[in-house]
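The structure appears right after this line, and notes come after that.
The values are calculated or read from the model by the stated rules, or taken from the named source; none is laboratory data. Note that the structure is a prediction, hence the values are computed from the model and not measured. FYI the Cβ positions are ideal-geometry reconstructions off the backbone, even for glycines, and counts take in every protein chain you see.
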Amino acid sequence: MNVYSEQVEALQNLLVAKATGSMEEEANYTRLRQSVLSEKKFDALIPSFVRTCRSLTQFWQLIKGKCATYAERREFIWSEFRPLLEASEFEAESPSDALVTGAVKKLDCTYAQAIWSKALDRRASDPEGAITVARTLMESVCKQILDERGVPHNDNPDMNKLYRLTAEELRLAPSQHTEQVFKQILGGCSAIVEGLAALRNRLGDAHGKGKAGTRPAARHAELAVNLSGALAVYLLSTHEARRELST
């Protein structure tokens, strides 16, 4: 758990205590409230009453009018804080983040670097956007590799076709290998690309949704970004190795 998620949980616990009859310090509420509101990337997930209630007195008036029993108050506060807590707990950087960042930087492509930064920033606070960007990262990496190797490609190709073209150029296509273990692993890479494209169409923000549209959670975005990042590193490392062998 990172510092911000600890502050979010502390604020939640303080409000639960206040809502169930405990005496709480106004200064503690003010400090935690300001800390939680200061992280702008989570604006959309912060409970509305945290924004509107500038004091514990205001919160008390709100909660006692909204929920009659202590049990109802606890459930209401927990449910309101749950999306923010879930998102903030994913905020801590994983070891793979730095690895992918370094690999993308080697491309010397500011667009790809910006895409990866967006994916990291959005996976917690904007899961739909992060899923879309994860797919965009794969497209950008594939195009950059093909451009550097002088391989023509369509500006708006099907993602699966673009990956197959890149994989064949790097000798990463399953059909280019005879050992079953390599065919299986490389086939899994192709399946990841297909899955990312399908996930983006299903849960990303690239297409409009109806009233009953499925909304992804932070964990779905985390999976998409991590898979995209891992495969991007593999493609870029192979591209670099092939280039060194040819010089």
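Data table
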| item | result |
| --- | --- |
| Residue, modelled with the highest pLDDT, within the range 204-234, restricted to residues that are under 30 Å from residue 170 (Cβ atoms) and outside any helix (DSSP H, G or I) | 204 |
| Out of 50, 100, 16, 36, sole residue that is under 30 Å from residue 114 (Cβ atoms), modelled with pLDDT of 90 or more and not basic (Lys, Arg) | 36 |
| Single residue of 245, 196 found to be in a helix (DSSP H, G or I) and either modelled with pLDDT of 85 or more or touching a Cys at 6+ places or on another chain (Cβ under 8 Å) (or both) | 196 |
| Selection within the range 32-67 - touching a Leu at 6+ places or on another chain (Cβ under 7 Å), assigned to a helix (DSSP H, G or I) and over 30 Å from residue 120 (Cα atoms) | 59 |
| Test: residue in the range 162-169 that is assigned by TED's automatic domain parsing to the domain that holds residue 231, crowded, with 16+ Cβ neighbours inside 10 Å, over 17 Å from residue 228 (Cα atoms) and among the acidic types (Asp, Glu) | yes |
| Residue in the range 137-160 that is within 16 Å of the chain's Cα centre (by Cα), surrounded by 15 or more Cβ atoms within 10 Å (Cβ to Cβ) and modelled with pLDDT of 85 or more present | yes |
| Residue list for the range 126-144, filter: closer than 18 Å to residue 40 by Cβ and of a type in the set (A, V, I, L, M, F, W, C) | 130 |
